[in-house]
Structures are given as C-alpha cells and as structure tokens.
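Here is the structure we will look at, set down as structure tokens.
The values are calculated or read from the model by the stated rules, or taken from the named source; none is laboratory data. For clarity, every value in this text was computed on a predicted model and none was experimentally measured. With ideal geometry, Cβ positions are generated from the backbone for all residues, glycine too; neighbour counts draw on all protein chains shown.
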Amino acid sequence: MNNIYFSLILLVVISSGFAQTNPELQKMADADQSERMSGNINWVELNKKDSIRLAKATQLFNDGELETAKDYYNAGIIFQHGKDTIASKMAVESFKKAIEMDSTLNRWWYAAAVDRDLMRREEPQIYGTQYVSNSSTNGKLKRYKIDTTKITDKERIYYRVETLEEQKQKERIMNLKSIFSFYVENSSIEKTIALIKNEKAKGKTSVYNVSESAINSFGYQLMGQNKLDESLKVLKLNTALYPKAANTWDSYGEILLKLGKEKEGIKAYKKSLALDPNNENAKNIIRKSED
C-alpha cells in the first residue's frame, strides 16, 4: 500500500510539472495589453474586444480550464477590464491565486485589482493604485479616495505599489504631458529624443513626463507599432539616463534580441541581472542562450 501511495504522489507531482499555460488565454492577455499600447486607441472597438475576451475567459474559468499560475494571471488581466463588480471580483481571485502559485509574478496586479474592485463598489481603495479624472478635478488625474489605515507602506512595497508619499509625487508626474503626444505631433524620433534629454535636465520643473517608466513605455509603444529601430534608440537612451535601473537594461535587451542582436542583448540582460539579482526574466533568457 505504501508503495502505491507514494507512486500516486509522484505521478501527481510529475503531471503538475507538465501543465502547460493555456495558449488561448495567453493570446487574449497579450492582445489585451498590446492593444492598449498602440497609441491611437479606438475605445469603442476595444470595449467590444474586451467583452469578447471576458466572455471566453469566464467560460474557461468556470469550466476549470485554468491550471497554471500564468493561466490565472492571464485571466486576471482580462477580468480586470470587465465593467462590473462580478468581473472585478474575479480579477482579484485570479491574481491572488496566481501569486500564491508563483510569487515571482508581478504582484502589483493583485493590489490594482483589489483597489479597482473597491472603487467599483464606491468604497475607498487601500493600496493607492487607482487614479481618476473628471470635472471635479478639472480634467487632471487625481488619486481616487483612499483609506490609509488598512495596510502599511511595507505591504504596499511588497505588492510593488508606491508608498503614500511616492503616490503624491506620482500624481504630479501623471499630469505631465506624454512623450508619445509630442512624437505624434512632430513625427520625428530625433526631435523626441532631444525633447527627452532637455526635459530630463529640467528635473521637477519638466513639462513632459520623462521618468524611467514613461520612457520605457514609449519605447514599448514604438515596439508595438513595429518601429523597432526607433524603439531601440529610445530604450538605449533610457539606459543612459537611468543606468542603475534594472528594468531599462531588461527592456533594452529585449529590443536588441528582437533585432537579432543576440550578443548585445544578452549583455544587456546580464547588466540587468547584476542590478537586480531577482530578475527571473533575465535569468531565463541568459540560461536559454547558454543551452
């Protein structure tokens, strides 16, 4: 009996190790994110696509088709763009399950899902991830009401959310002009790069958002439009302006690999890993390159 018992355990462990990420969910989650980085968003069309993805993800969820941490993670991405509290609750449950199964996944998504669910229920958020814009704010982005007593800054940091003080600074930054809007108006990557450099030199008096994350997002917007050479210039510039940020080197490595510059790309990933030894993405890519 003992031999059979242990054999069954071994079979379960081996079988779970072969669980594959649901390709349909992965495709839908990738589309959800890429369509929001296109720059020119047709919200009517996007809302239709969101509804289709939501219905399909809900069916997969109810049918027990979610097996891996990435399945729950991808489902959460889709559920969070639903329009009611049923969808927002499912997003919370999915992200919670995902990070319980794999803590290396981006925990920020869980905090954002919790806050968005509370906001939809017209209750104060607790992490501080949600910002709103309406007539009362004169069109400017303002942090949605927050109950600061529920969790600590330590917990916010664990879930990769800014501290309360950092959120005040983020509110100022979010109301700055976007690099992408300048790029669209001028249709010139050279002028846009010059703007980024000038605005970065201004510090807190800048008019445009030239934070590390904003430049990174701009680079990915260009990547999403298949403007790879322009994306390369922007992401390379980001490593020069923010050389100690592991994410800049990670993103730079990604665009280099997309352009077939494997040697340079791996070098960038190694730089990222040196700055952040917990960068699992960099570890995996470097490991694959050595196989």
(message) What's the total number of residues in segment 51-60 that are polar (S, T, N, Q) and either under 20 Å from E35 (Cβ atoms) or surrounded by 14 or more Cβ atoms within 10 Å (Cβ to Cβ) (or both)?
(response) 2
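Here's the yes/no breakdown for (1) among the hydrophobic types (A, V, I, L, M, F, W, C); (2) within 19 Å of V184 (Cα to Cα); (3) touching a strand residue (DSSP E or B) at 6+ places or on another chain (Cβ under 8 Å):
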| position | (1), (2), (3) |
| --- | --- |
| K227 | no, yes, no |
| Y242 | no, no, no |
| A246 | yes, no, no |
| I255 | yes, no, no |
| D276 | no, no, no |
| I285 | yes, no, no |
(message) Can you tell me which residue is farthest from E212 (Cα to Cα) among those in segment 155-169 that are in contact with a Ser or Thr (Cβ under 9 Å, 6 or more places away or on another chain) and charged (D, E, K, R)?
(response) R156
(request) Provide a single number: the residues in segment 107-147 that are free of Cβ contacts under 8 Å to residues at least 24 places away in the same chain, crowded, with 16+ Cβ neighbours inside 10 Å and over 18 Å from E165 (Cα atoms). (result) 2
(request) Mind checking which helices (runs of 4 or more DSSP H) fall wholly inside segment 218-291 and carry at least 2 residues that are without any contact (Cβ under 8 Å) to a residue 12 or more places away in the chain and within 27 Å of D102 (Cβ to Cβ)? (result) 280-290
(request) Give L235, L228, L256, L273 a once-over and let me know the one that is hydrophobic (A, V, I, L, M, F, W, C), surrounded by fewer than 16 Cβ atoms within 10 Å (Cβ to Cβ) and touching a helix residue (DSSP H, G or I) at 6+ places or on another chain (Cβ under 7 Å). (result) L228
(message) I'd like to know if segment 81-101 contains one or more residues that are under 27 Å from N175 (Cβ atoms), part of a loop (DSSP other than H, G, I, E, B), in contact with an Asp or Glu (Cβ under 7 Å, 6 or more places away or on another chain) and outside the structural domain of K170 (by TED's automatic domain parsing).
(response) yes
(request) Kindly establish whether S188 is at pLDDT 95 or above, more than 23 Å from R36 (Cβ to Cβ), of a type in the set (S, T, N, Q) and surrounded by fewer than 19 Cβ atoms within 10 Å (Cβ to Cβ). (result) yes
(message) Condition (residue is surrounded by 11 or more Cβ atoms within 10 Å (Cβ to Cβ), at pLDDT 85 or above, closer than 27 Å to D115 by Cα and more than 23 Å from the chain's Cα centre (by Cα)) applied to segment 61-78: is it met by at least one residue?
(response) yes
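Each row is one residue, and each column tells you yes or no for (1) of a type outside the set (V, I, T); (2) assigned by TED's automatic domain parsing to the domain that holds A98; (3) more than 20 Å from S88 (Cβ to Cβ); (4) modelled with pLDDT under 95.
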{"residue": "V132", "(1), (2), (3), (4)": "no, no, no, yes"}
{"residue": "K140", "(1), (2), (3), (4)": "yes, no, yes, yes"}
{"residue": "T149", "(1), (2), (3), (4)": "no, no, yes, no"}
{"residue": "D153", "(1), (2), (3), (4)": "yes, no, yes, no"}
{"residue": "Y158", "(1), (2), (3), (4)": "yes, no, yes, no"}
{"residue": "K170", "(1), (2), (3), (4)": "yes, no, yes, yes"}
(message) Go through segment 211-232 and report how many residues are at pLDDT 95 or above, farther than 17 Å from Q33 by Cα and not charged (D, E, K, R).
(response) 4
(request) Name every residue in segment 144-192 that is of a type in the set (F, W, Y) and touching a strand residue (DSSP E or B) at 6+ places or on another chain (Cβ under 7 Å), in order of residue number. (result) Y144, F182
(message) Tally up the residues in segment 240-251 that are closer than 17 Å to V210 by Cα and either buried (at least 22 other Cβ atoms within 10 Å of the Cβ) or outside the structural domain of N209 (by TED's automatic domain parsing) (or both), please.
(response) 3
(request) Please identify the pairs in which a residue from segment 36-48 that is under 23 Å from E185 (Cα atoms) has its Cβ atom under 8 Å from the Cβ atom of a residue that is at pLDDT 90 or above and of a type in the set (S, T, Y), counting only partners at least 6 apart or on another chain. (result) M37/S217; M37/Y220
